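Each value in this text was obtained by applying a stated rule to the coordinates, not by laboratory testing. This one's a predicted model, so the numbers in the text were calculated from it and none came from an experiment. Note that each Cβ is placed from the backbone with ideal geometry, even for glycine, and that neighbours are counted across all protein chains shown.
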Ligand code: RP5
């Protein structure tokens with residue numbers, strides 16, 4: 001099946017975080033691709049990837065980066081696809097640098113920005129699913145089933161003293 005979601009990240013070191021988003025998409029049965037694309041180390045690849053993404057059938061891009069996290073914003077500048085930014089937790093500043101780099105876009109080039117780290121990667125994937133669900137009933141059903149399972153799991157283990 002052709003990939004509908006593209007997960008890109010600034011470095012292989014971001015995979016520890018971004019793998020959780022990929023797993024969420026796999027669990028929902030959403031075809032996706034994964035690639036390292038660095039705004040600073042491979043700028044030409046970034047331009048090429050962003051410019052080609054929609055034509056290759058991708059419908060949403062999830063971009064994770066840490067530190068001076070320019071990847072999501074630069075990709076958004078080169079594509080009409082929705083870009084979901086995931087701030088990776090950096091060592092020096094715990095991801096606050098990543099978050100602010102991604103969230104503070106100038107008006108006119110939006111990037112949807114998620115939480116720092118694993119939660120952000122998972123929620124970006126779920127948000128991508130929600131975007132696709134508007135036009136794909138199978139994805140909508142998978143997302144609804146996931147939400148129902150999540151609710152049932154909380155209700156079934158309501159007493160935190162019981163393991
Ligand atoms: C960013 O620099 C990457 O997104 C990564 O989070 C960070 C550090 O990259 P490495 O030095 O680990 O390759 O571009």
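Considering only C-alpha atoms, what is the centroid distance from segment 1-76 to segment 100-163, in Å?
Each part's Cα centre sits 17 Å from the other's.
I'd like the antiparallel share, as a percent to the nearest 5, of DSSP beta bridges with both residues in the chain.
Percentage antiparallel, nearest 5: 0.
Using Cα pairs under 8 angstrom and six or more residues apart, how large is the relative contact order of segment 103-144, in percent?
Rounded, it is 22 percent for segment 103-144.
In degrees, nearest 10, range 0 to 90: what is the angle between the Cα axis of helix 43-53 and the longest Cα principal axis of the chain?
Orientation of helix 43-53: about 60 degrees from the principal axis.
Please compute the contact order of segment 1-41 in relative form: average sequence separation of alpha-carbon pairs under 8 Å and at least six residues apart, divided by the residue count, as a percent.
59 percent.
Let a ≥ b ≥ c be the square roots of the eigenvalues of the Cα gyration tensor of segment 66-150; is it rounded (a/c under 1.5), or, if not, prolate (a/b larger than b/c) or oblate?
oblate
Can you quote the Å³ per residue value for the convex hull of the Cα atoms in segment 16-59, rounded to an integer?
Spread over its residues, the Cα hull of segment 16-59 gives 73 Å³ apiece.
Using the Cα gyration tensor of segment 97-143, with a ≥ b ≥ c the square roots of its eigenvalues, what is the shape: rounded (a/c below 1.5), prolate (a/b larger than b/c) or oblate (neither)?
Verdict is oblate for segment 97-143.
Please report the relative contact order for segment 26-163, taking Cα pairs under 8 Å with a sequence separation of at least 6, and give it as a percent rounded to a whole number.
Details: 197 pairs, mean separation 27.0, N = 138.
Reported relative contact order: 20 percent.
What number, rounded to the nearest 500 deg cm²/dmol, is the helix-based mean residue ellipticity at 222 nm of the chain, given -39500 (n - 2.57) per DSSP H run of at least four residues and division by all its residues?
The per-residue figure over the chain is -14500 deg cm²/dmol.
Relative to the longest principal axis of the C-alpha atoms of the chain, give the angle of the C-alpha long axis of helix 137-156, reported between 0 and 90° and rounded to the nearest 10°.
Taking Cα atoms only, the helix is inclined about 50 degrees.
If you wrap a convex hull around the C-alpha atoms of segment 5-156 and split its volume per residue, what is the figure in Å³?
113
Relative to the longest principal axis of the C-alpha atoms of the chain, give the angle of the C-alpha long axis of helix 15-27, reported between 0 and 90° and rounded to the nearest 10°.
50
Which ordering of 93, 131 is given by a fewest-first count of other beta-carbon atoms within 10 Å?
With the fewest neighbours first, 93, 131 line up as 93, 131.
Which residue, 147, 56, 12, tops the fluctuation ranking in a GNM of the chain built on C-alpha contacts under 10 Å?
147
Who wins for biggest fluctuation among 57, 117, 108 in a Gaussian network model of the chain, springs between alpha carbons below 10 Å?
Highest fluctuation of the listed residues: 108.
Using only the Cα atoms of segment 118-163, build the gyration tensor, take square roots of its eigenvalues as a ≥ b ≥ c, and label the shape rounded, prolate or oblate: rounded if a/c is under 1.5, else prolate if a/b is larger than b/c, else oblate.
On the way: a/c = 5.28, a/b = 1.89, b/c = 2.80.
It comes out oblate by the Cα gyration axes.
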